[in-house]
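Structure first, then comments.
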Amino acid sequence: MRRFTTHHKRKVRSLDGIWDFSWLGVADPANVDPGKITFGEHMAVPGCFDANALYGGKHGLAAYQKTLHLVPNKTYRLVFDSVLHWGQFFIDGKSLGEHAGGYTIFSLDFKAGRANAVLTVLVDNRFDAKRSPLHRPHFDWYHFGGLGRGVELHELSDVSIDGLFTKTTSISGPELEVRIPITNHSGKKEGNFKIIFDGKELVNEKVTIPASKSEIIRILKVSGSSLWSPEKPNLHELVVELEEDDFCERVGLRQVEARGQDILLNGEKIILRGVNRHESHPQFGAALPPAIIASDMLQLRDLGVDFVRGSHYPQDHLFLDLCDENGILVWCEGTGWQYDEEMRETGFAEAQEKHLEEMIVSLCNHPSIIFWGMLNESFGNRDFAPAVYERCVKKIRSLDDSRLVTYATCKPKDDLTLHLFDVISVNTYPGWYDGTFEEIPAKLKKLADLIDQRGFADKPFIISEIGADGIYGWRDWNASRTTETYQAKLLDSAIRTILKKDSRFAGIAIWQFCDIRTSEMNEISKGRGYNNKGLVDEYRRPKLAYETVKGLFTGGKESKTF
Ligand code: ADA
């Protein structure tokens, strides 16, 4: 689901709704015959099967089923926005393939046989390092399972447009590079090709269509168009047509760069005032309905936030559409959390590369995304780490060299990979895991000196996580740890230090926007089975720190609380 129509000519059907459902539990998908499953239940799509009372806390195999009405012999494309976190897909019992890794968009093409075909999807939320190398039980967020975001069925014509990649190549002018991957499903040799920008036809020509897969590239001069920025988030409509197919996107013209210690947007220095955001809710798991996505955005705006780190996986397209519209800058991160020895496993680096590719290919047109990120808090200090990190960074840059690449380390002293990144980002918890909040200014100064002494004085530096638990409703006059009171005091000091005039830091992302359910392995260290460092609780009820942050983020006014 998007904020605009992505195809006007192509026939697209949303498959969202209620599907047939069957819980297969401990079954091994290799032994399941999709034709023999008994479907006696139902489940919402999008939805997480374990975000309801019946399946809460369960890890296992589930089956979803839906009848599709097709035109025999036509080619179709199934588009899944997020399958959590492993899936296998069948049409009339025939496997179309498997997919590992949640939170990214992928598609499967097939030729229709009969008119009423049955689509069966096996979905597994168990941890299995071989089958699904990205997801691990130690992560500090709950691994909900299911068809977590939307599903669509596209009817393809003789030639299909498989994607659209846009990049601002110049802001004076301005100029936009457009790359269009296409597939020839027939023997067609040439076709009519158009590019329409804000309703104006910029290209109208005949193109040769090679057999199988190819790419069309054009540079568009779009003089007179307005640039995109947080203050003026101007968006333009881009429509690409090839024969009977089309692809529509909203684009923003803007340029992001790192110069010395500064991050520049359209040549102007920016300071990021942000939060980390997980997609999580007690009633919906990771499958946030539009109502929650929209209300999250309203609260983010109310807080005065201009930057969101999508921790620790790519966020929903719809949320990113709202970031584009509201001028919120985004750090878009591949799935990961504190990998150590896992990085040495066969297939790990390949799985990361594939996941990063899916992320970039589908989300690259969001002007709000200024950073690509990866491997949150992994063990960059191990001798085997640089090789894996290098592969991931290389992959990102090969797909998109127009954004900055960063990674949140929690090992600033000896991380061996920091030189690979455009922006240095450190997750640090002074006053929470370490010392008291009175020590925050001194500790952050020490951290900044350390980064500079390690040879990174010529790079922007942001604090990508800082915060404290604050259990909703728990306030006391001692301001003891885990109270809303302590959390508010800590964040007050952290924000004032990081955002003070002439600070070494180019920004902050508070940990975190809302409380989230954690994984079973973290239940003891995290009260209530939740990570309680949200500015709002899991139902989005504001804590004391909400007003503190709002006061400091909205124009540096005195916060209401202190
Ligand atoms: C880390 C991690 C977060 C969260 C946080 C915490 O820095 O990146 O996902 O777990 O710590 O609350 O401890």
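Decide, for the chain, between rounded, prolate and oblate: order the square roots of the alpha carbon gyration tensor eigenvalues as a ≥ b ≥ c, take rounded if a/c falls under 1.5, and otherwise choose prolate if a/b is larger than b/c, else oblate.
Working: a/c = 1.82, a/b = 1.29, b/c = 1.42.
It comes out oblate by the Cα gyration axes.
Using per-residue counts of other Cβ atoms within 10 Å, averaged over each peptide, order 387-394, 517-524, 503-510 from highest down. Don't skip to the end; give the middle numbers.
Numbers: 387-394: 18.2, 517-524: 16.1, 503-510: 23.2.
So the peptides 387-394, 517-524, 503-510, ranked by packing, come out 503-510, 387-394, 517-524.
Considering Cα pairs under 8 angstrom that are at least six residues apart, work out the relative contact order of the stretch 509-548 and quote it in whole percent.
Working: 54 pairs, mean separation 15.7, N = 40.
Computed value for the stretch 509-548: 39 percent relative contact order.
Classify the stretch 78-186 as rounded, prolate or oblate from the Cα gyration tensor: take a ≥ b ≥ c as the square roots of its eigenvalues, call it rounded if a/c is under 1.5, otherwise prolate when a/b beats b/c and oblate if not. Don't jump to the answer; show the numbers that get you there.
Working: a/c = 2.90, a/b = 1.21, b/c = 2.39.
Judged from the Cα gyration tensor, the stretch 78-186 comes out oblate (a/c at least 1.5, b/c at or above a/b).
What value, in deg cm²/dmol to 500, does the helix sum -39500 (n - 2.57) over DSSP H runs of n ≥ 4 give at 222 nm once divided by the residues of the chain?
Values: 7 runs with 92 residues, N = 562.
Taken over the chain, the calculation gives -5000 deg cm²/dmol.
Under a Cβ-Cβ cut-off of 14 Å, what is the net charge of the residues other than Glu538 that fall near it, where Lys and Arg count +1 and Asp and Glu count -1?
Spelling it out: positives minus negatives among the neighbours equals +3.
Taking only the alpha carbons of the stretch 439-562, what extent do you get along each of the three principal axes, in Å, biggest first?
42, 37, 25
Calculate the dipole size of the chain relative to its Cα centre from +1 charges on Lys and Arg beta carbons and -1 charges on Asp and Glu beta carbons; express the result in debye to the nearest 20. Write down the numbers at each step before the final one.
Working: 70 positive and 79 negative charges, 108 e Å.
Roughly 520 debye for the chain.
Sort His317, His85 so the one with the fewest other Cβ atoms within 10 Å of its own Cβ comes first.
Working: His317 21, His85 28.
Fewest-to-most ranking of His317, His85: His317, His85.
If you fit an axis through the alpha-carbon atoms of helix 317-326 and take the longest principal axis of the Cα set of the chain, what angle between them do you get, 0 to 90°, nearest 10?
With rounding to tens, the tilt is 60 degrees.
Tell me, what ³J(HN,Hα) does each residue in the stretch 510-525 have, in order and in whole Hz, if you take phi through Karplus 6.51 cos²θ - 1.76 cosθ + 1.60 with θ = phi - 60° and put x for Gly and Pro?
Going residue by residue, I get 5, 8, 8, 5, 10, 4, 9, 5, 9, 6, 4, 5, 9, 4, 6, 6 Hz, with x marking Gly and Pro.
What ranking of Asp124, Asp324, Asp401 emerges when the number of other C-beta atoms within 10 Å of each C-beta is taken as an exposure proxy, fewest first?
Values: Asp124 25, Asp324 22, Asp401 9.
Arranged by neighbour count, lowest to highest, Asp124, Asp324, Asp401 become Asp401, Asp324, Asp124.
Once a ≥ b ≥ c are taken as the square roots of the eigenvalues of the Cα gyration tensor of the stretch 321-435, is the result rounded (a/c under 1.5), prolate (a/b larger than b/c) or oblate (a/b not larger than b/c)? Each step should come with its number before you reach the end.
Values: a/c = 2.01, a/b = 1.21, b/c = 1.65.
Oblate, because a/c is 1.5 or more while a/b does not exceed b/c.
Using Cβ contacts closer than 10 Å as the measure, can you line up Lys489, Lys206 from fewest to most?
Lys206, Lys489
Using Cα atoms only, what is the angle between the long axis of helix 440-451 and the major principal axis of the chain, expressed in degrees (0 to 90) to the nearest 10?
It is inclined by approximately 60 degrees.
When the expected Rg is taken as 2.2 N^0.38 Å, what fraction or multiple of it is the alpha-carbon Rg of the stretch 459-516?
Details: Rg = 12.9 Å, N = 58, 2.2 N^0.38 = 10.3 Å.
That ratio works out to 1.26.
Which of the residue pairs Lys354/Lys543; Lys213/Lys394; Lys269/Lys445; Lys413/Lys543; Lys445/Lys526; Lys213/Lys459 have a Cα-Cα distance greater than 31 Å in the structure shown?
Too far apart for the 31 Å limit: Lys354/Lys543; Lys413/Lys543; Lys213/Lys459.
Any read-out appearing in this document is the output of simple, stated calculations on the displayed coordinates, not a laboratory observation. Since this is a predicted model, take the numbers as computed values, not measurements. Neighbour counts run over all protein chains shown; Cβ positions are idealised from the backbone, glycine included.
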